[in-house]
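> Encoded as structure tokens, here's the structure I'll be asking about.
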Amino acid sequence: MIEIDIKASLDQFELQAKFEAAGGITALFGPSGAGKTSLIRLIAGLETPNSGSVRIAGRTLFDNVHGVNLPPRSRRVGYVFQEAKLFPHLNVKHNLTYSRWAGRRSGTIKIDKVCKVLGIEALLQRMPEKLSGGERQRVAIGRALLSDPSVLLLDEPLSALDISRKLEILPFLEEVRDEFGVPMIYISHSVDEVTRLADHLVIMKNGTVSAYGAIEDVLRKLEIRGSGDALEAGSLISGSCSGFDNELGLAQIDVDGQLVYLPVSAIDIGKPLRLRIKANDVALALSKPDDTSIQNMLECKIIRLEKIGPSHVEVSLMIGTQQIRSRITTKSAIDLALENGNNCIALLKAVALES
């Protein structure tokens, strides 16, 4: 469990953050200057709050009331920066083990497993200058893991990489989450990164936390704009691959007993998946239309209608045990005579595969 409740004055910038998250990856999302990096520096002990408390996995790192303020070296925090910041005079293996040597720690995470999960076994004798940007960042993540951390803090670790390198590293971050069970706090301006990786979402604006919770819940409630990017109102739903049509290049995704078809090149049968569906990409019908190019149609039940301004209505829909949203015009809602409890068909104009 991550428990944050702090106030701080930093170079005329006032920060106030309060949230809780239970394991997995907690994404900090918001525009530049919102206070995201300042927050993780406070968690790491690189800055000191004026008041409040920081607790990770039941261990108090800071509590001004009880006089607790552990120095950074005692906090068991692994920090991954935007740039890898590897020691240029040490090879990969010595970079990986430096934190254990410097901290005099034995650690429970094995270097062999870290290297296997991050795919860096063949790089151990290389010098940092001989590594690609993606390789350097994987080594930096491995070094942080081998410091025996109770939490990993990642400050936009992919921002300096091009899109191909980002796509290369994202699966490794998922592996780190799943294999080592170390909670992560992950800063990103990328909607795709956040919706693919995060279990929990913390929205920051002007130095304060404006919303937090399970990412599915936050996305259902808010339309969130970041730095030149946006988490549009929508939903994340879970499914699994139940089949693949090689001729058509379509994966068949089972969502609570109904099927969604996605054009992907390859996918493992039975693999758990997460789908992102924007509210504006969900149309509604009272019955399944026969003459439409929309392939993905799901039977659903209306559980709530909410007016969004004078011209639109937000419709919350249950598909099996999961909830999605549709944003339609008020006229469409009136013409269809939509009411709570109605059965209808959700027409998915676009679906994004996040994991």
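Since every read-out is calculated from the coordinates, none of them should be taken as a lab result. Just so we're clear, the structure is a prediction, and the values are computed from it rather than from any experiment. Note that each Cβ is placed from the backbone with ideal geometry, even for glycine, and that neighbours are counted across all protein chains shown.
> Per DSSP H run of n ≥ 4, the term is -39500 (n - 2.57); total these for the chain, divide by its residue number, and report the mean residue ellipticity at 222 nm rounded to 500 deg cm²/dmol.
Value at 222 nm, helices only, nearest 500: -6500 deg cm²/dmol.
> Something else now. Report, in whole Å, the centroid distance computed from the Cα atoms of region 181-206 and region 255-277.
22
> Another question, if that's okay. On a full-extension model of 0.36 nm per residue, what is the gain between residue 305 and residue 247, subtracting their alpha-carbon distance, rounded to one decimal in nm?
Computed gain between residue 305 and residue 247 is 16.8 nm.
> Report the gain in length on full extension from residue 178 to residue 65: 0.36 nm times residue separation, minus Cα-Cα distance, nm rounded to one decimal.
This chain segment gains 37.1 nm when fully extended.
> Just to be sure I understand the rule: take each whole DSSP H helix in the chain, project its Cα atoms onto its long axis, keep it if the span is 24 Å or more and its mean Kyte-Doolittle hydropathy is at least -0.5. Which ones pass?
Passing helices, by number: 163-180.
> Rounded, prolate or oblate: which one fits the chain, using the alpha carbon gyration tensor with axes a ≥ b ≥ c (rounded when a/c is under 1.5, else prolate when a/b beats b/c, else oblate)?
oblate
> With the Cα gyration tensor of region 1-67 giving a ≥ b ≥ c as the square roots of its eigenvalues, does the rule (a/c under 1.5 for rounded; else a/b larger than b/c for prolate; else oblate) give rounded, prolate or oblate?
oblate
> Within the set of other residues whose C-beta is less than 10 Å from the C-beta of residue 183, count the net charge using Lys and Arg as +1 and Asp and Glu as -1.
Net of charged neighbours comes to 0.
> Same structure, new question: Among 335-342, 126-133, 88-95, what's the highest-first ranking by average C-beta atoms within 10 angstrom per residue?
Peptide ranking by packing, descending: 88-95, 126-133, 335-342.
> Can you figure out the FRET efficiency of residue 108 with residue 47, using R₀ = 25 Å and their beta-carbon distance, to the nearest 0.05?
FRET efficiency, residue 108 to residue 47: 0.30.
> Compute the Cα gyration tensor for region 229-301, then decide on rounded, prolate or oblate, letting a ≥ b ≥ c be the square roots of its eigenvalues: rounded whenever a/c is under 1.5, prolate when a/b is larger than b/c in the other cases, and oblate in all that remain.
It comes out oblate by the Cα gyration axes.
> With each pseudo-label sitting 7 Å past Cα toward Cβ, what's the residue 330-residue 318 distance in nm, one decimal?
Computed distance between label sites residue 330 and residue 318 equals 2.8 nm.
> Work the Kirkwood hydrodynamic radius out for region 236-353: mean of 1/r over every pair of different alpha-carbon atoms, inverted, in Å.
Kirkwood radius, region 236-353: 14.9 Å.
> Between residue 214 and residue 1, take the C-beta separation as r, use R0 = 22 Å, and let me know the FRET efficiency to the nearest 0.05.
The computed FRET efficiency comes out at 0.95.
> Answer with one residue from 132, 197, 249: the one whose Cα lies farthest towards the positive end of the charge dipole of the chain, charges on Cβ with Lys, Arg +1 and Asp, Glu -1.
Highest projection toward the positive end goes to 132.
> Further question: Placing +1 at every Lys and Arg Cβ and -1 at every Asp and Glu Cβ, with all other atoms neutral, what dipole size does region 227-319 have around its Cα centre, in debye to the nearest 20?
My answer is approximately 320 debye.
> Next question, about the same structure. Fully extended, how many nm does the chain gain between residue 12 and residue 160 (0.36 nm per residue separation, minus their Cα-Cα distance)?
Additional length available on full extension: 50.5 nm.
> Out of 153, 201, 86, any idea which swings most in a Gaussian network model of the chain, alpha carbons joined below 10 Å?
Ranking 153, 201, 86 by mean-square fluctuation puts 86 first.
> Given +1 on the Cβ of Lys and Arg, -1 on the Cβ of Asp and Glu, and no further charges, what dipole in debye does the chain carry about its Cα centre, rounded to the nearest 20?
1340
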